[in-house]
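Here, each number is a calculation from the coordinates, and none is a lab measurement. Bear in mind the structure is a predicted one, so any value in this text is a computation, not a measurement. Here Cβ is always computed from backbone atoms with ideal geometry, including for glycine, and neighbour counts include all displayed protein chains.
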Amino acid sequence: MRTENQKAWFFVLPVLALVAFNALVPMMTVVNYSVQETFGNNQFFWEGLGWFEQILRSDRFQAALGRQFLFTFLILLIEVPLGIIVALSMPRKGFWVPVCLVLMALPMLIPWNVVGSMWNIFTLPKIGLMGYFLNDVLGINYDMTQQPLSAWITVIVMDVWHWTSLVVLLCYAGLVSIPDAYYQAAKIDGASPWSVFRYIQLPKMKTVLTIAVLLRFMDSFNIYTEPFVLTGGGPGNSTTLLSIDLVKIALGQFDLGPAAAMSLIYFAITLLVSWVFYTLMTKDDAE
Amino acid sequence: MAQIKLSNLRHSYMPAPKGPEDYALKEIDVTWRDGGAYALLGPSGCGKSTLLNIISGLLTPSEGQILFDDRDVTTLPPDQRNIAQVFQFPVIYDTMTVGENLAFPLKNRGVDPATIKRRVDEIAEMLDVTDMLSTRASGLSPDNKQKISMGRGLVRDDVNAVMFDEPLTVIDPHLKWKLRSKLKELHQRVKATMIYVTHDQTEALTFADEVVVMQEGEVVQIGTPVELFERPQHTFVGHFIGSPGMNVLPCEAKGDRAVFEGHEVVLEGPTHGDGGRTDLGIRPEYVGFGDTGIPAHVTKVSDIGRHYVVSAMVGNTALKAVTEHSVPEPGSEVFLQFKPEQSRVYRDGWIATEERS
């Protein structure tokens, strides 16, 4: 007879404890706050789902959510095709490969708040290099501190600058794993450059592209530091994305109940959209 | 379909080759008849894949010409040569179905849909993949994938030649045999010139009407499988083909005799030339045992199923003999007899005896 022992559980315990302390316990406090009202003094009053209802109905939340989706949609729309194009045009062999790879990795190595500060200084209308150049040399009226459109363009360009490399590096990894024989066979089969992309390169990049889109979605949907440092959510509320709004409610107004409810809704949306993305993008493989 | 002629072909991967050692291919001159089945056989790095890529147009040779039916195609790109190539690892367009894969080369050339359908059905039937036509190609087993990549080559009826670059490398041993006979059958049906590159002698010898043996960028012998076995022109051929390979024994040559470890051996005919390193070449199959002959000490006997391989020492030289019965004991002293018409002298590797007619 086969004997079983339960020793294995002991090895899982440390991880369980770790996860409990850094995820489950804080998460449960958030859940706790989200259904109660407090006026301090450790006095709590039961609220039920009231905060959730209030958040979901509020114009402020809906506007921030709309901005958030628009932001994520725009950066995905730019970064994914751009990343593929850059990856396709990078050399596959020789001296320039490491040079390109290092150049690509550089933006990602810069801390987020430094990126925000860099772009802030760079784009300030009077003193920033880009701001000065656009206004005083090209004569374009550009001021990201005053004009919502300028602010949006700056936030998007900054994210593209910071994160397209991630898509590039992942796609490049997919591309270099394609054996030469595929290109040779395509040549012999008389395939056009578009067919080579469509039937060889794109399918081989699919797995890494799925990961790239997922990572970029989650990161951009939860983005906080860079736009906060760059525009502080302004002018007005025009670049106040979900996380910026959340911090305002939680730490600015100290409305812990609504902030907790909003966090949970935020988390649920991120999770749901990621799941939908993943299911859609891997649907073909299951067949 | 076409006759393929390689004339004074040389290739170097270096921009300015100096000596012959800089060439991956040295001086190749061969003509392959229309509809023949040929094999390029040689060890890894002997230049056979280079040669194949030159024929298909993936590489342009440094010197020399490639002629398809006397038309110079040396500088033409692959798609204008009407060549099909099957690679070591099956190349499949993952997102397409089997049928779409087979149709791809025709579609790219703008063939009308009705013809495409007819050709695809024909080829699918030939390859026994008709029932897979509408399944996704990515889920197929390696041998079926390799069949599809073959099919993509055969689907065009204007193909001048089909080339195989070690196509059975990734196939399971028990399927190799099946796929090989499929290939042979296809060759008989399609009648295209086929060139098969391999380092596996069994594959080469079973597939080809004529085998081109290459070593270090050089063609050492072109011949039918029987010719390669019976009368190797070079010790390399003798050693590379056959299992175990030909015995190559240092000797001295005198007229139609060779002296090996102090024993006289009768050769197939008179030797020519002089100087250089002289070796006596005899296949283990033609070394017999008798009551008289060259005394030898048996060191090892291996039973390899159909026959025994006997390793023995004559003086300080090791050699092998193959026998089906009368197996000597390891450690015993025996007498070896070399079959005269299969005993030859090689000078610097090349054959140096004349066949007695």
Inset, instruction - Enter the mean number of other protein chain beta carbons within 10 Å of the beta carbon of each residue in B:83-94, as an integer. - result: 5
Inset, instruction - Consider just the alpha-carbon atoms of segment B:178-262 and return their Rg together with their Dmax, both in angstrom. - result: 16.4, 56
Legend entry - Surface/4 of the Cα convex hull for segment B:247-351, nm²: 6.4
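Multiply the residue gap between A:Ala63 and A:Leu149 by 0.36 nm, knock off their C-alpha separation, and tell me the result in nm, one decimal place. Write out the running numbers ahead of the final one.
Numbers: separation 86, 0.36 × 86 = 30.96 nm, distance 1.60 nm.
That pair, A:Ala63 and A:Leu149, stretches by 29.4 nm at full extension.
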Inset, instruction - Could you rank the peptides A:222-233, A:25-36 by their average count of other C-beta atoms within 10 Å per residue, with the highest value first? - result: A:222-233, A:25-36
Legend entry - Which of B:Ser243, B:Gly281, B:Leu319, positive extreme of dipole for chain B (C-beta unit charges): B:Ser243
Inset, instruction - Percent of Cα-Cα pairs per 10 Å bin, from 0 to the last occupied bin, for the protein assembly as shown, please list those. - result: 3, 11, 15, 15, 14, 13, 11, 8, 5, 4, 1, 0
Legend entry - Computed E for B:Glu333/B:Glu230 - FRET, C-beta separation, R0 30 angstrom, nearest 0.05: 0.45
Inset, instruction - Calculate the radius of gyration of the Cα atoms of chain A to one decimal place, then report Dmax, the largest Cα-Cα distance, as a whole number, both in Å. - result: 23.9, 86
Inset, instruction - Would you list, by chain and number, the aspartates and glutamates whose Cα falls below 14 Å from the Cα of A:Lys204, excluding same-chain residues fewer than 8 positions away? - result: A:Asp180, A:Asp284, A:Asp285, B:Asp94
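With only alpha-carbon atoms in the gyration tensor, what are the semi-axes of the equivalent ellipsoid for segment B:4-230, in Å, largest first? Write down the numbers at each step before the final one.
On the way: eigenvalues 182, 81, 50 Å².
For segment B:4-230, the ellipsoid semi-axes come out as 30, 20, 16 Å.
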Legend entry - Residue (of A:Val15, A:Ile244, A:Gln147) at the positive-pole extreme of chain A, dipole from beta-carbon charges: A:Val15
Legend entry - Cβ crowding within 10 Å averaged over residues, with A:4-10, B:149-155 ranked highest first: B:149-155, A:4-10
Legend entry - chain B: most fluctuating residue of B:Thr115, B:Thr50, B:Thr193 per GNM, C-alpha cutoff 10 Å: B:Thr115
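For the pairs B:Lys254/B:Lys339; B:Lys5/B:Lys26; A:Lys187/B:Lys147; A:Lys93/B:Lys48, flag any whose C-alpha to C-alpha distance is greater than 21 Å.
Working: B:Lys254/B:Lys339 18 Å; B:Lys5/B:Lys26 16 Å; A:Lys187/B:Lys147 19 Å; A:Lys93/B:Lys48 24 Å.
Among B:Lys254/B:Lys339; B:Lys5/B:Lys26; A:Lys187/B:Lys147; A:Lys93/B:Lys48, the Cα-Cα distance tops 21 Å for A:Lys93/B:Lys48.
Over all residues in A:195-204, what is the mean tally of Cβ atoms on other chains that come within 10 Å of each residue's Cβ? Please list the in-between numbers first.
Values: counts 4, 0, 0, 2, 7, 4, 0, 2, 5, 2.
Average neighbour count from other chains, rounded to a whole number: 3.
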Legend entry - Shape box of segment A:116-187 [Cα atoms, principal axes, largest first, Å]: 56, 23, 19
Inset, instruction - Add +1 for every Lys or Arg and -1 for every Asp or Glu among the other residues with Cβ under 12 Å from the Cβ of B:Gln221, and state the total. - result: -3
Inset, instruction - Would you kindly calculate the translational diffusion coefficient of segment B:280-319, applying Stokes-Einstein with the Kirkwood radius from alpha carbon pairs, for 25 °C and a viscosity of 0.890 mPa s, and quote it in µm² s⁻¹ without decimals? - result: 219
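Residue by residue through B:100-109, how many Cβ atoms from other chains fall within 10 Å of the Cβ on average? Intermediate values should be presented prior to the final figure.
Numbers: counts 1, 2, 0, 0, 7, 6, 2, 4, 6, 2.
If you average over the peptide's residues, the count of other-chain Cβ atoms is 3.
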Legend entry - Residue order, fewest to most beta carbons within 10 Å, for B:Val219, A:Val97: A:Val97, B:Val219
Inset, instruction - For n ≥ 4 DSSP H runs only, could you compute -39500 (n - 2.57) per run for chain B, divide by its residues and tell me the 222 nm figure to the nearest 500? - result: -7000 deg cm²/dmol
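Calculate how many DSSP beta bridges within segment B:4-230 are antiparallel, expressed in % of all such bridges and rounded to the nearest 5.
Values: 18 of 36 bridges.
Of those bridges, close to 50 percent are antiparallel.
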Legend entry - Using distinct alpha-carbon pairs, which all enter the 1/r mean, Kirkwood radius of segment B:89-129 in Å: 10.7
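Find how much the distance from A:Val30 to A:Trp96 grows on full extension, using 0.36 nm per residue of separation minus their present alpha carbon separation; answer in nm with one decimal.
18.8 nm
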Inset, instruction - Taking 7 Å along the Cα-to-C-beta vector as the label spot, tell me the B:Asp29-A:Thr279 distance in nanometres, rounded to one decimal. - result: 7.1
Legend entry - Neighbour net charge for B:Val91 - beta-carbon separation under 13 angstrom, K R +1, D E -1: +1
Inset, instruction - Assuming R0 = 45 Å, can you tell me the calculated FRET efficiency for the pair A:Asn42 and A:Val114, based on Cβ-Cβ distance, to the nearest 0.05? - result: 0.70
Inset, instruction - Starting from 0 in steps of 10 Å, tell me what percent of the Cα-Cα pairs of segment B:5-64 lands in each bin. - result: 21, 55, 21, 3
Inset, instruction - Let me see the pair-distance distribution of segment A:186-238: every alpha carbon pair, 10 Å bin width, integer percents in order. - result: 20, 26, 20, 17, 13, 4
Inset, instruction - Could you please state, rounded to a whole Å, how far the C-alpha centre of segment A:144-219 is from the C-alpha centre of segment A:110-126? - result: 26
Inset, instruction - Once you've got the GNM for chain B with C-alpha springs shorter than 10 Å, pick whichever of B:Lys147, B:Lys254, B:Lys26 has the biggest mean-square fluctuation. - result: B:Lys254
Legend entry - Residue among B:Glu252, B:Glu100, B:Glu21 with the largest mean-square fluctuation in a Gaussian network model of chain B, springs linking Cα atoms under 10 Å: B:Glu21
